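Below is one structure, written out as C-alpha cells, with a few remarks after it.
The values are calculated or read from the model by the stated rules, or taken from the named source; none is laboratory data. Quick caveat: nothing in here was measured; it's all calculated off a predicted structure. All Cβ positions, glycine included, derive from the backbone under ideal geometry; neighbour counts span all protein chains shown.
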Amino acid sequence: MNAQVLMKLALIPFVVALAGCYREVSFKTDVHPILEARCISCHSPGAPGCVASGFSVATYQSVMKGTRYGHVVIAGSSAASTLVRLINHEADPSIAMPKSHTPGAPSEWLTPDQIKVIQEWIDQGAKDN
C-alpha cells in the first residue's frame, strides 16, 4: 500500500470518534428546562423582568422575539447573542442575568454546563426542536 492510503486508513478512528461527539441540542428537552428553572420567575408575561424588558422565556417564540429593544438570540452565533453575554455576566452588572431573588444577596449564576448548552443550541441554529 502506498503512504497516502495508509494515512487515510489511520484517520478513520479519529473521524469516527469525532462523529460521536456531536449531539444536537434540543430547545424543548435541553434549553427550555434551564430557562424554566432559572429565568421564568422574572421573565414570564406579567413578571418584573418581562414588564421591564419585554423579554419572556415562556415559549420558543417569545425567546426568539427578544426584548422590546431587539433580538437577544442570533441563530448560529452565540458570540453575537446578547443572551449569552448576559448569562456570562459580560454586560453591565445592572443587567447581568440571572438576578438575585433575595435583595442584597448575590445572584445564582447559571452553571458553566447550563451556559454551554444554551451556547451550543444557539450555535446549532437555535432551532425549535
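From (1) modelled with pLDDT of 95 or more; (2) over 20 Å from Cys50 (Cβ atoms), pick out the condition that doesn't hold for Trp109.
The failed condition is (1).
Gly49 is checked against (1) closer than 24 Å to Ser100 by Cα; (2) buried (at least 17 other Cβ atoms within 10 Å of the Cβ); (3) in contact with a helix residue (DSSP H, G or I) (Cβ under 8 Å, 6 or more places away or on another chain) and fails just one. What number does that condition carry?
Gly49 satisfies all of (1) closer than 24 Å to Ser100 by Cα; (2) buried (at least 17 other Cβ atoms within 10 Å of the Cβ); (3) in contact with a helix residue (DSSP H, G or I) (Cβ under 8 Å, 6 or more places away or on another chain) except (3).
What pairs come up if the first residue lies in region 76-93 and is touching a residue at least 12 places away in the same chain (Cβ under 8 Å), the second is of a type in the set (Phe, Trp, Tyr), and their beta carbons are under 7 Å apart, counting only those six or more places apart or on different chains?
His89/Trp109
Return the only residue of Trp109, Trp121 being of a type in the set (Phe, Trp, Tyr) and touching a residue at least 60 places away in the same chain (Cβ under 8 Å). It would help to see each step written out before you state the result.
Values: Trp109 fails: touching a residue at least 60 places away in the same chain (Cβ under 8 Å).
Sole residue among the options that is of a type in the set (Phe, Trp, Tyr) and touching a residue at least 60 places away in the same chain (Cβ under 8 Å): Trp121.
Kindly indicate which of Val57, Val84 is surrounded by 20 or more Cβ atoms within 10 Å (Cβ to Cβ), assigned to a loop (DSSP other than H, G, I, E, B) and aliphatic (A, V, I, L, M). So that I can check it myself, show each step before the final result.
Numbers: Val84 fails: assigned to a loop (DSSP other than H, G, I, E, B).
Just a single option satisfies the conditions, and that option is Val57.
Only one of Val31, Val25, Val72 is hydrophobic (A, V, I, L, M, F, W, C), in contact (Cβ under 8 Å) with a residue 12 or more places away in the chain and part of a helix (DSSP H, G or I); which?
Details: Val25 fails: part of a helix (DSSP H, G or I); Val72 fails: part of a helix (DSSP H, G or I).
Only one candidate qualifies: Val31.
Of everything in region 8-40 that's of a type in the set (Gly, Ala, Ser) and over 18 Å from the mean Cα position of the chain (by Cα), which residue is modelled with the lowest pLDDT?
Keep residues of region 8-40 that are of a type in the set (Gly, Ala, Ser), which gives 10, 17, 19-20, 26, 37.
Narrowing further to those that are over 18 Å from the mean Cα position of the chain (by Cα): 10, 17, 19-20.
On the way: Ala10: 52, Ala17: 44, Ala19: 49, Gly20: 52.
Top of the filtered list is Ala17.
Only one of Ser62, Ser94 is polar (S, T, N, Q) and assigned to a loop (DSSP other than H, G, I, E, B); which?
Numbers: Ser62 fails: assigned to a loop (DSSP other than H, G, I, E, B).
Checking each option against the conditions leaves just Ser94.
What number goes with the only condition from (1) modelled with pLDDT of 95 or more; (2) exposed (fewer than 15 other Cβ atoms within 10 Å of the Cβ) that Pro93 does not pass?
Tallying (1) modelled with pLDDT of 95 or more; (2) exposed (fewer than 15 other Cβ atoms within 10 Å of the Cβ), Pro93 fails exactly one: (1).
Picking from Ser53, Ser77, which residue would you name as being polar (S, T, N, Q) and over 19 Å from Phe27 (Cβ atoms)? Walk me through it before giving the result.
Working: Ser77 fails: over 19 Å from Phe27 (Cβ atoms).
Unique residue meeting the criteria: Ser53.
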